[in-house]
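Enquirer: I'd like to ask some things about the structure below.
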Amino acid sequence: MNHRVIEIFKEISKIPRCSKQCDRIANFICGWANNNGFKCRRDSYGNVIVNVPATKGFENKPSLALQGHMDMVCVKDENSSHNFGKDPIEVIEKDGWLVANGTTLGADDGVALAIGMALAEDETKPHPELELVFTADEEIGLVGAMHLDNNFIRSKRLINIDSEKEGVFVIGCAGGEDIDLSFPVKRQTRRFSDACRIAVSRLKGGHSGAEINHNRANAIKLLNEILDRSFSSVELVELRGGKARNAIPDFAEAIIFTDDVDEVKSIAKSVKNYALALFADEDDLSVEVEKTDTGLDVAYRDNFRKIVDLINKLPHGVYEMYDEVTPKTSNNLAVVKLDVDNFQVSLNQRSLTEDGLDRICSIVEKIGKEFSCDVNRHSRYPSWTPKNNSELLKNAKRVFVSMFSKNPIVKVIHAGLECGIFVSKLPEDVEMVSIGPDMRDIHSPKEKLNIDSFVKTYEFVCELVRA
C-alpha cells in the first residue's frame, strides 16, 4: 500500500534509534520540521516538540498534543548479524502486515512519529495548533518523560499514540519500578572434563506489561530448572539470559563443565517436555545441549548454588489481578548475566496502584537481601488514574462510532505509558487518551504492524483532532 504515513514510517526505520541513542532520530525530526516551516525545540534531555500552526478556520480552537516516543526496543534473533548502532531496520510487507527481518520492527513507537508527521504535512487535513511531542528513552523507564520540562507542553488535551490494539482507548495505566540484584562471584579450577553450551530459545517472549498474563514461559526460569536438576554433575562457567527489562525473556544460555553430557541432555529434554505441557503456546521452544570450548574457570560451588536458588525464589508473572483480564501487579524476571566476578539479575515490577507496586518491590528487595545481594531500586514512574468522563474521551468515542459504526473499548492497561508522568507535569485539568493500531509481539523479533489498521488509525487521528 502506498500511503504517506507508511512512507514516513519506513524512512524513520532507516535511522538507528535504540534507547540512549535518540540523537539521530531527533535530528531527523527537527530537520523535517525546518524543511516544512515548523518550529522545532529540544529540551535539556533531548525530548523534541514540533509546533504545527493551526489551519485556516481552526486558529481559535485550543491546541492539542500528539505524543509518542522516539526510541525502540532493540532485540534480534540469535543468528541475526544486524547492528542496531548503524544498520537500518529492514521493513518487509507480508500478508497485510509490516514486519522486520530478524529484529524488532520499531512500530512501538514509530507509528506515533509517522502519524504526527504525516498529519502535519497534509494541508488537506484541518486541525488546531498541534504540538508533536516526541520523547526519548521511554523503553528504559519513561526516562525522557521524567526529565521533561514542566512548561514544555502547553496543550491541555493530549493523544498518546502508544497502544497496540485498534479500537481500544486506554485511559489509565500501571506504574513501575526496576530492581537490580547483584553479588560477587569467585572462580576455581574445574573438576569436570567436557564443556557444553545449554541454550533455551525460540520462546514467545513479548512485552512484560501487555503479555505478562498470557502464560508465556520465561527462558531464564527454564534454563535455571535444568541447572538445578543437574547441579551435582555440572559446574557453571557462564550464564546469560533476557534482553530488556520490559521484555519477557525468550532466550537464555549457560556454559557448563560436566563428566556426563548424556545426563545433562536427558534433564534438558525432560525440562523441555515439562515446559511444552505447561505452556501451550510455546510449541516452537528449543532446548539444545552441545559441546563447546571455553578458557574460563568455573564459579565456586556455593556461588553456583546461590545463583540457582536466587533465580528459583524470585517471582515471575502476575502477582494479583485487577479484573478478569487485566493484571493489577506483576514482576518480570528480565535479565541475568554472570560476568567473570559478578552476577546480576534485573527485574521490572508493575502495578496499577502505588501500594501494589510497593508490595511487589518489597518482596523482591527482601529476597535480594536474604541472599546478601546488593539491591538497587530505580526508575520508578507513577500510574495514570483514569478520567472516565473527559471531553476528549467523549469526542474520541463519537468520532470512532461515526467512522466505524461500532463502539470502541475503553480500558486501563498493565503496561506503563508516559501519560502517568504527564499527569504530574501538566495542569490538573489535562485530558488524555492513548490509542494505536493493531500490533503483535512487540519487543520481540516477531513484532508486526497491521498495514490497514495503521492507515485507519491515522485517518481516525485526523478526524479526532478537528472534532
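Enquirer: Collect the residues in the stretch 2-17 that are touching a strand residue (DSSP E or B) at 6+ places or on another chain (Cβ under 8 Å) and surrounded by fewer than 19 Cβ atoms within 10 Å (Cβ to Cβ), keeping them in residue-number order.
Expert: Lys10
Enquirer: Take the conditions under 19 Å from Asn388 (Cα atoms) and touching a strand residue (DSSP E or B) at 6+ places or on another chain (Cβ under 7 Å) and apply them to Val133. Does it pass?
Expert: Judged against the criteria, Val133 is not a match.
Enquirer: Pick out, from the stretch 351-435, the helices (runs of 4 or more DSSP H) lying fully within it that include 1 or more residues that are among the aliphatic types (A, V, I, L, M) and closer than 16 Å to Ile159 by Cα.
Expert: Hits in the stretch 351-435: 391-404, 419-425.
Enquirer: Enumerate the pairs (first residue in the stretch 384-412 and assigned by TED's automatic domain parsing to the domain that holds Met146 and over 30 Å from Arg350 (Cβ atoms); second residue anywhere and loosely packed, with under 13 Cβ neighbours inside 10 Å and not aliphatic (A, V, I, L, M)) with beta-carbon separation below 8 Å, excluding pairs fewer than 6 apart on the same chain, so at least 6 apart or on different chains.
Expert: That search, which allows pairs on different chains as well, returns Val401/Asn407.
Enquirer: Now, a different point. In the set Leu142, Leu148, Leu132, which member is modelled with pLDDT of 95 or more and either out of contact with any Pro (no Cβ under 8 Å at 6 or more places or on another chain) or surrounded by fewer than 19 Cβ atoms within 10 Å (Cβ to Cβ) (or both)?
Expert: Step by step, each of Leu142, Leu148, Leu132 is checked, and only Leu132 is modelled with pLDDT of 95 or more and either out of contact with any Pro (no Cβ under 8 Å at 6 or more places or on another chain) or surrounded by fewer than 19 Cβ atoms within 10 Å (Cβ to Cβ) (or both).
Residues checked against (1) surrounded by 15 or more Cβ atoms within 10 Å (Cβ to Cβ); (2) touching a Leu at 6+ places or on another chain (Cβ under 9 Å):
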| residue | (1), (2) |
| --- | --- |
| Thr353 | yes, no |
| Leu357 | yes, no |
| Ile360 | yes, no |
| Ser383 | yes, yes |
| Lys394 | no, no |
| His414 | yes, yes |
| Glu431 | yes, yes |
| Ile435 | yes, yes |
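Enquirer: I've got another one for you. Residues Leu223, Leu203, Leu158, Leu227: which one is without any contact (Cβ under 8 Å) to a residue 60 or more places away in the chain and either surrounded by fewer than 22 Cβ atoms within 10 Å (Cβ to Cβ) or of a type outside the set (Phe, Trp, Tyr) (or both)?
Expert: Leu223 is the lone residue from the list that is without any contact (Cβ under 8 Å) to a residue 60 or more places away in the chain and either surrounded by fewer than 22 Cβ atoms within 10 Å (Cβ to Cβ) or of a type outside the set (Phe, Trp, Tyr) (or both).
Enquirer: In the stretch 241-250, is there at least one residue being among the basic types (Lys, Arg) and in contact with a Pro (Cβ under 8 Å, 6 or more places away or on another chain)?
Expert: Yes, because at least one residue in the stretch 241-250 is among the basic types (Lys, Arg) and in contact with a Pro (Cβ under 8 Å, 6 or more places away or on another chain).
Enquirer: Ok, one more. Going through Asn83, Asn36, Asn79, Asn27 one at a time, which residue ends up being assigned by TED's automatic domain parsing to the domain that holds His147 and modelled with pLDDT under 95?
Expert: Answer to the check: Asn79.
Enquirer: Here is a follow-up. Contact list please: Cβ distance under 6 Å, first residue in the stretch 1-21 and more than 12 Å from Val111 (Cα to Cα), second residue part of a helix (DSSP H, G or I) and basic (Lys, Arg), pairs at least six apart or on different chains.
Expert: From residues that are more than 12 Å from Val111 (Cα to Cα), the pairs are Ile15/Arg24.
Enquirer: Moving to a separate point now. Go through Met403, Met432 for me and flag whichever is at pLDDT 90 or above, more than 26 Å from the chain's Cα centre (by Cα) and farther than 16 Å from Glu164 by Cα.
Expert: Just a single option satisfies the conditions, and that option is Met403.
Enquirer: Would you confirm whether any residue within the stretch 151-161 is of a type in the set (Gly, Ala, Ser) and over 26 Å from Lys406 (Cβ atoms)?
Expert: Yes, the stretch 151-161 has at least one match.
Enquirer: Which of the numbered conditions does Glu463 fail, given that it passes all the others? Conditions: (1) within 27 Å of His3 (Cα to Cα); (2) assigned to a loop (DSSP other than H, G, I, E, B).
Expert: Unmet for Glu463, out of (1) within 27 Å of His3 (Cα to Cα); (2) assigned to a loop (DSSP other than H, G, I, E, B): (2).
The values are calculated or read from the model by the stated rules, or taken from the named source; none is laboratory data. Keep in mind that what you see is a predicted model, and the values were worked out from it rather than measured. Please note: Cβ atoms are built from the backbone with ideal geometry, for glycine as well, and neighbour counts cover all protein chains shown.
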